[in-house]
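The values are calculated or read from the model by the stated rules, or taken from the named source; none is laboratory data. This one's a predicted model, so the numbers in the text were calculated from it and none came from an experiment. Here the Cβ positions follow ideal geometry from the backbone for every residue, glycine too, while neighbour counts run over all protein chains shown. The area values use the complete protein model at the heavy-atom level, side chains included, leaving out ligands, DNA and RNA. Shrake-Rupley method; radii C 1.70, N 1.55, O 1.52, S 1.80 Å.
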Amino acid sequence: DSPPSPDRKMWRLNSWYYLGLHYDALGEDEESKRCMKMALRQCAGSGGNGADIIRTLPMLHMARRDWFDDDEFDAEGEAGAGATPPERSAP
């Protein structure tokens, strides 16, 4: 297996961020927080310099919601850039 390629178009970041916003709009705070943390993880190499506004959006959302904590990422469910959102069953 080859390592994942760099996400130059920020698809992973945007996917996690907008999925987090979706869950937030539905009132599912825990899922939203999880997705925002994964979006933040995609921004890890940016250094938080704010040169690209897209990279600051997850941080702004989490700051507004006061979701910053000392929780560690789970080894299974939130293990890295290639992690996928949880499967949802139909209501």
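Sticking with the crude label model, points 7 Å out along Cα→Cβ, report the distance from Ala25 to Ala44 in nm, one decimal please. Between Ala25 and Ala44, the label points sit 2.9 nm apart. Note on Ala51 and Trp67: the extension gain reaches 3.4 nm, defined as 0.36 nm multiplied by sequence separation minus the Cα-Cα distance.
Sorted largest first by accessible area at a 1.4 angstrom probe radius, with every protein chain in place, the residues Trp16, Trp11 fall in the order Trp11, Trp16.
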